[in-house]
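S.K.: Quick one: this structure, given as structure tokens, is what I'll be asking you about.
The values are calculated or read from the model by the stated rules, or taken from the named source; none is laboratory data. All values derive from a computational prediction rather than experimental measurement. Because the Cβ atoms are built from the backbone with ideal geometry, glycine has one as well, and the counts that use them run over all protein chains shown. The accessibility values were calculated without ligands, DNA or RNA, using every heavy atom of the protein model including side chains. Shrake-Rupley method; radii C 1.70, N 1.55, O 1.52, S 1.80 Å.
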Amino acid sequence: MAPKVENRYILFTGEVHESVKFVFTIQQIGTFIAMWNQGCPINEIAQKLNSSKVSVALIAMDLEMAGRIGPRAGGLLGKRKVVS
């Protein structure tokens, strides 16, 4: 029997997390990779994919762990400046 664990925090279990997407099309992943390699800001990628910044950050983590993307100038935020 596993020891009892108290006072733990389980990720993505609150109501606020219901908007986080975990499923994307192959086309959306292709768009993400292209925009990532162009240095697009994460908020611009999220807007293009009609998704949240959290969901897009999770895509980045997943693809980096899988070796499909690498580090880039500006890291997660990107190197291109957002002009409003």
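S.K.: In the stretch 13-70, what count of residues is obtained for those that are open to solvent by less than 40 Å² (accessible area, probe 1.4 Å) and on the phi > 0 side of the Ramachandran plot?
M.R.: Result for the stretch 13-70: 1.
S.K.: Show the residue pairs that are 6+ apart or on different chains and have beta-carbon atoms under 9 Å apart, the first residue being within the stretch 26-54 and among the acidic types (Asp, Glu), the second being exposed (fewer than 15 other Cβ atoms within 10 Å of the Cβ).
M.R.: 44/80; 44/82
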